[in-house]
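Let me begin by presenting the structure, written as structure tokens, before commenting on it.
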Amino acid sequence: LPTNQAGNLNIAPFLLMPFVENTFKHVSKKADHINWIKIDVSLNGADLLYQVSNSVTDEARANEAADYGGLGLQNVERRLNMLYPGKHQLMVEKGSSAYAVKLKLKLSAAKELHTELDLKTPWSDAA
């Protein structure tokens, strides 16, 4: 995103990475099939709109369907609930030819995010 559009909005580190990793892990891999991955990111005011999707085949769906919504996605959902309570919407769509993850996230300025979480650094004197 252009910095003039994002301003001082920040997002928690590595929050979006598991979605991208899942697309590469679960994309269809057939030579006679169109295999694709699509990643869209946009910013509407302070709302981050993020979508990753990938092609799948019936065989891949049968073998990996349980995996796609597995531990990685559960961890991201837990992080979203902790870091952005009431400020996110996450949808996972599993179709016969594609998987898609859509995330809408209300971003805050760096100072606001740290204040809301009351973060303490390991080297701070505060107990």
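Listed peptides 17-30, 38-51 appear in the order 17-30, 38-51 once ranked by packing, highest mean of other Cβ atoms within 10 Å at the front. Across segment 27-40, rounded Karplus estimates of 3J(HN,Hα) from the backbone phi angles (6.51 cos²θ - 1.76 cosθ + 1.60, θ = phi - 60°) give 5, 4, 10, 8, 5, 9, 10, 6, 9, 8, 9, 10, 10, 10 Hz, Gly and Pro being marked x. Backbone amide hydrogens, once placed in the peptide plane, bring ALA98 within less than 5 Å of VAL56, excluding anything fewer than 5 places away on its chain.
Values quoted throughout were computed directly from the atomic coordinates according to the rules given, and no laboratory measurement underlies them. Remember, it's a predicted structure, so these values are computed and weren't measured experimentally. Note that we place each Cβ from the backbone using ideal geometry, even for glycine, and neighbour counts take in every protein chain shown.
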